[in-house]
Amino acid sequence: MYILESIAKRGVLRSMVIGVCRMVLGIDNAFSLKEKRSVVKSIIERLKSRYNISVAEVGFNDKWKNAVIGVACVSNEAAHADSMLASVVNFVENDGRAVLIDYSTETIHTG
């Protein structure tokens, strides 16, 4: 703790910004949970590899036609976090395997 306090006093320690996004997806071509999970898993893996973010299915786990995906990223600038989340939303909108029904974003400032 002493090291962090020392760094903070010198003004070196920056604040941290956490970007969070919740996306509700419609998957019209899924006729079973297995088909839905295949689509969702593929989208999640592509998002992780392309954007280096944390992603998980966080809702509608037992619904065939819908999914909720949660995304989180960490940055030292709010503009960068917002840009990352906008890129993620744009990617999902243009993916074609699922319809983006709704989404919400939030940035959390700490430090």
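The values are calculated or read from the model by the stated rules, or taken from the named source; none is laboratory data. This is a predicted model, so every value here is computed, not measured. Heads up, the Cβs are rebuilt from the backbone with ideal geometry, glycines too, and the neighbour counts pull from every protein chain shown.
Okay, here's what the table says:
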{"item": "Ser42 being more than 18 Å from the chain's Cα centre (by Cα), of a type in the set (Ser, Thr, Tyr) and modelled with pLDDT of 95 or more", "result": "no"}
{"item": "Tally, over the stretch 63-106, of residues that are among the charged types (D, E, K, R) and more than 12 Å from Leu25 (Cβ to Cβ)", "result": "3"}
{"item": "Total residues in the stretch 76-100, condition surrounded by fewer than 18 Cβ atoms within 10 Å (Cβ to Cβ) and either under 24 Å from Val17 (Cβ atoms) or in contact with a helix residue (DSSP H, G or I) (Cβ under 7 Å, 6 or more places away or on another chain) (or both)", "result": "16"}
{"item": "Val24 being outside any helix (DSSP H, G or I), modelled with pLDDT under 95 and β-branched (Val, Ile, Thr)", "result": "no"}
{"item": "Qualifying residue in the stretch 6-15 (condition: at pLDDT below 95 and in contact with a strand residue (DSSP E or B) (Cβ under 7 Å, 6 or more places away or on another chain))", "result": "yes"}
{"item": "Test set (1) out of contact with any Cys (no Cβ under 8 Å at 6 or more places or on another chain); (2) aliphatic (A, V, I, L, M); (3) within 30 Å of His109 (Cα to Cα) - Ile27 fails condition number", "result": "(3)"}
